[in-house]
Amino acid sequence: MDVIICRDDTEVGAYAAAKVAKVARAASQAGRNAVLGVATGSSPLATYTALAALAARGKVDLSQASAFALDEYVGLPAGHPQSYREVIRRTVVEPLGLRADRVHVPDGFAGDLERAAADYERAIREAGGVDVQILGVGSNGHIGFNEPTSSLSSRTRIKTLTEQTRRDNARFFGSLEQVPKHCLTQGLGTIMEARHCVLVASGAPKAAAIRAVVEGPITAMCPGSVLQLHQRATIIVDDAAAAELELAGYYRQLYADLPDWQRVELV
Ligand code: GLP
């Protein structure tokens, strides 16, 4: 696990975008269209902004890339402004200039949700798997909507949201009552199959979750801790989110001393 500590959220976005762009360029060089894994929430917004700037400057071409979202609320009709399909359209598809027909979001409005989950798994497989998965983290350590006690090998499925997650996300809805209680989410096993994972977090409210993800035991009580088992996971955080890391000094030193070829260079 690589840990990069940045001075603020903008720098977190710049490093994460540079990493995503590097993976996307490598896919193009190998003659493939990149497959991105995209997340909602406020954490990755700076990453999308920086990635859009790289694309505008011709540093990465995402026009042929496809993308898979991590999750979706159950029961929000098409076009609902807080459905993740809409959030992804506004924050990812439009700014990055992705082709809408290549962007996939689980169908949380399907009549048969189990089938929708199985279809989503199949679509990821048929696309050749995700090259780089962008992740945020919930204050309780969830990634996607894999709440504590999620199986570490779970696949895309229906989950019930915790009260804490619904409260955290109530700011996007009028009230807590309007936040759906269920979702479809890629499983931890699904996420772990992405070839690279980039988790971004900023601000003091994420400090405890980041400590648990990076330095805690690998446990279903902190679903993000499963990333400790991933061979190419990069955790990019600002100073405030890094505040509880016991080995913060080591991560800073380690990054300062990395050979150039291993660095995530800002482009
Ligand atoms: C939601 C999403 C997660 C996201 C989390 C954190 O629960 N399903 O993918 O990581 O929120 O959101 P934020 O980045 O706004 O703190």
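General remarks:
- Region 136-230, relative contact order [Cα under 8 Å, separation at least 6], %: 40 percent
- Largest mean-square fluctuation among Asn33, Asn169, Asn140, in a Gaussian network model of the chain whose springs join Cα atoms under 10 Å apart, belongs to Asn169.
- Under 10 Å, Cβ to Cβ, from Ser202 - net charge with Lys/Arg +1 and Asp/Glu -1: -4
- Rh (Kirkwood; distinct C-alpha pairs) - the chain, Å: 18.4 Å
- Between His142, His196, His80, the residue with the greatest mean-square fluctuation in the GNM of the chain (Cα pairs under 10 Å linked by springs) is His80.
- Set of lysines near Lys22 by C-alpha distance (under 30 Å), chain-local residues within fewer than 8 positions excluded: Lys59, Lys206
- The alpha carbon centroids of region 1-35 and region 74-130 are separated by 22 Å.
- Nearest-0.05 FRET efficiency for Leu229 and Gln29, computed from C-beta distance (R0 30 Å): 0.60
- When peptides 217-227, 235-245 are ranked by their average number of other Cβ atoms within 10 Å per residue, the highest-first order is 235-245, 217-227.
- Relative to the current alpha-carbon distance between Ala118 and Ser42, full extension at 0.36 nm per residue lengthens the span by 24.6 nm.
- Relative contact order computed over the chain (Cα-Cα under 8 Å; 6+ residues apart), in percent: 26 percent
- Rounded to the nearest 500, the helix-only mean residue ellipticity at 222 nm of the chain stands at -9000 deg cm²/dmol, with each DSSP H run of n ≥ 4 adding -39,500 (n - 2.57).
- Peptides ranked, highest mean first, by Cβ atoms within 10 Å: ranges 61-67, 258-264, 94-100: 61-67, 94-100, 258-264
Laboratory data are not the source of any read-out in this text; all were calculated from the coordinates shown. These numbers come from a predicted model, not from an experiment. We place every Cβ from the backbone using ideal geometry, glycine too, and count neighbours over all the protein chains shown.
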